[in-house]
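Take a look at the structure set out below.
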Amino acid sequence: MNWIEALILGLVQGLTEFLPVSSSGHLEIGKALFGIHSEQSFVFTVLVHGATVLSTIVVFRKEIAKLFCGLFKIEWNQETQFITKIIVSMIPVAIVGLFFKDFVGSLFQSNVAFVGIMLVITATILTLSFYAKSKNKEISFLDSFIIGIAQAVAVLPGISRSGSTIATGLLLGNKKEKIAEFSFLMVIIPILGENFLDLIKGDFVSNTSVGTLPLVVGFIAAFISGLFACKWMVEIVKKGKLIYFAIYCLIIGLLAIFLA
């Protein structure tokens, strides 16, 4: 992987992590187009995911600070409840990570046709949420768990994490502005946790096929584009314009299937 490919893939990761079009799916398609094998770019994939987590923290820094201030009051207040709901939402993805990680990893082998099928499913989910009637209700603990299941399913390449979690929240009747914030904050700990586990297991040093320059370029590109995409996506959810991304996912998914 050269620095130009890293730049493009970093931009793709940063934009598609927050837009409901599947970052993992687009990364796999991009790697396939560049002839890059997934096992040869593991470190790169982990770093660009970390970059988008960092961009999330920057965008929601005020909300995160408010949550921690409320948590340290040791009260069952709104902030403590919100954090608890995020923890509840992590249960399904934690189960997948502990017991099905190897199976999920086997799907990330540049299987473009599979990614295409999953993108079509993402398009379907987004379309359903577009026509769902909002009840404008607060996110409950049960809602949190169901949204967490959607996040767990989104480990499949081609299923959009933000798309599936936001769409699920909308189908449950949650407030648009709250479900967008919840969707982006709930992913921080799982990604950081997975990166930490990979680090202590030595996976970061097991692969040296990607040079330092591509890693740095990819990280910066993913971080900057992630900042832009995160802010943009919040506004898109508020305006209820996910149908356009459904059309996009359908087109890209069908192209991936027929051109694989």
| query | Taking the stretch 12-76, which chymotrypsin sites (Phe, Trp or Tyr not before Pro) meet the DSSP loop condition and have no more than 16 other C-beta atoms within 10 Å? | reply | Phe72, Trp76
| Relative to the first principal axis of the alpha-carbon coordinates of the chain, what is the inclination of helix 112-131, with its axis defined by its Cα atoms, in degrees from 0 to 90 and to the nearest 10? | 20 degrees
| field | Dipole in debye (nearest 20) - the chain, about Cα centre, beta carbon charges: Lys, Arg +1; Asp, Glu -1 | value | 880 debye
| Of the chain, which part is the longest with no GluC sites (Glu not before Pro) in a loop (DSSP not H, G, I, E, B) and with at most 15 other C-beta atoms within 10 angstrom? | 139-260
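Once every DSSP H run of n ≥ 4 in the chain is given -39500 (n - 2.57) and the sum is divided by its residues, what mean residue ellipticity at 222 nm do you get, rounded to the nearest 500 deg cm²/dmol?
-25000 deg cm²/dmol
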| task | Project the alpha carbons of the chain onto their principal axes and report the range along each, largest first, in whole Å. | result | 50, 39, 34
| Could you state the number of Å between the C-alpha centres of the stretch 235-252 and the stretch 9-24? | 14 Å
| Between exposed trypsin sites (Lys or Arg not before Pro) in the chain, where DSSP calls loop and at most 12 other Cβ atoms lie within 10 Å, what's the longest gap? | 1-72
| task | Please build a GNM for the chain, connecting alpha carbons under 10 Å apart, and tell me which residue among Leu213, Leu19, Leu47 fluctuates the most. | result | Leu213
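Among Lys31/Lys85; Lys73/Lys133; Lys62/Lys133; Lys73/Lys238; Lys66/Lys239, which pairs are too far apart, with a Cα-Cα distance over 28 Å?
Result: Lys31/Lys85; Lys73/Lys133; Lys62/Lys133; Lys73/Lys238 exceed 28 Å.
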| Acute angle (nearest 10 degrees) that the helix 78-99 long axis makes with the longest principal axis of the chain, alpha-carbon atoms | 40 degrees
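Using a ≥ b ≥ c from the Cα gyration tensor of the stretch 9-96 (square roots of the eigenvalues), is it rounded, prolate or oblate, where a/c under 1.5 gives rounded and otherwise the larger of a/b and b/c decides, a/b for prolate?
Cα axes put the stretch 9-96 in the prolate bin.
Each value in this text was obtained by applying a stated rule to the coordinates, not by laboratory testing. Since the model is a prediction, treat every value here as computed from it, not as a measurement. We place every Cβ from the backbone using ideal geometry, glycine too, and count neighbours over all the protein chains shown.
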